[in-house]
């Protein structure tokens with residue numbers, strides 16, 4: 001099991017897919033080379049995740065905020081998220097809740113799992129086999145400025161196709 005962090009979130013206009021890019025936490029700190037794992041999601045899911053990543057809350061609670069408020073009122077919290085497997089282009093994850101000494105595991109979409117983990121400040125893990133099967137190498141080139149590097153990265157992400165994940 002490897003801890004991963006959101007590296008970037010690529011937003012597109014509907015009906016195009018948005019892409020959450022995860023990378024191992026230890027690689028994220030180095031910022032020279034890393035393995036990245038792109039996870040496709042819809043625009044609405046990406047918008048919710050984007051709010052979580054930016055640490056923003058709207059005036060009225062959104063679904064993820066409501067869920068976390070309910071957990072808090074039940075003396076529970078998101079202990080961690082685990083991305084358990086990938087089948088073709090579909091990723092599977094679990095939200096692991098902690099309520100006192102009790103552990104509760106819920107099957108969930110990665111977009112929801114990561115949104116909750118980010119909002120709660122909980123770690124996100126990925127099974128080693130998922131990282132091995134679904135990741136791509138990415139090299140940061142230091143001679144480029146940040147905007148040029150980011151444009152190159154977005155170009156790389158946009159060149160990926162969900163069919164790249166087929167077995």
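The values are calculated or read from the model by the stated rules, or taken from the named source; none is laboratory data. Keep in mind that what you see is a predicted model, and the values were worked out from it rather than measured. Cβ sites come from the backbone with ideal geometry, for glycine too, and all protein chains shown count toward neighbours.
Of the strands (runs of 3 or more DSSP E) lying entirely inside segment 75-154, those containing at least 2 residues that are out of contact with any helix residue (DSSP H, G or I) (no Cβ under 6 Å at 6 or more places or on another chain) and at pLDDT 95 or above are 77-87, 90-99, 102-108, 124-126. When the criteria are applied in full, residue 99 fails the requirement of being over 14 Å from residue 22 (Cβ atoms) and surrounded by fewer than 12 Cβ atoms within 10 Å (Cβ to Cβ).
Scan segment 72-93 for residues that are in contact (Cβ under 8 Å) with a residue 12 or more places away in the chain and under 16 Å from residue 22 (Cα atoms) and jot them down. Passing the criteria: 80, 81, 82, 83, 84, 85, 86, 89, 91, 92, 93.
For segment 46-92, the set of residues classified as within 22 Å of residue 12 (Cα to Cα) and over 18 Å from the mean Cα position of the chain (by Cα) consists of 57, 58, 62, listed by residue number. Test of understanding: among 37, 10, 5, which residue is buried (at least 20 other Cβ atoms within 10 Å of the Cβ), under 14 Å from the mean Cα position of the chain (by Cα) and under 23 Å from residue 136 (Cα atoms)? When all the criteria are applied, what remains is 37. State which residue is nearest to residue 133 (Cα to Cα) when the search covers only segment 12-50 and only residues that are modelled with pLDDT under 85 and touching a helix residue (DSSP H, G or I) at 6+ places or on another chain (Cβ under 6 Å). Result: 34.
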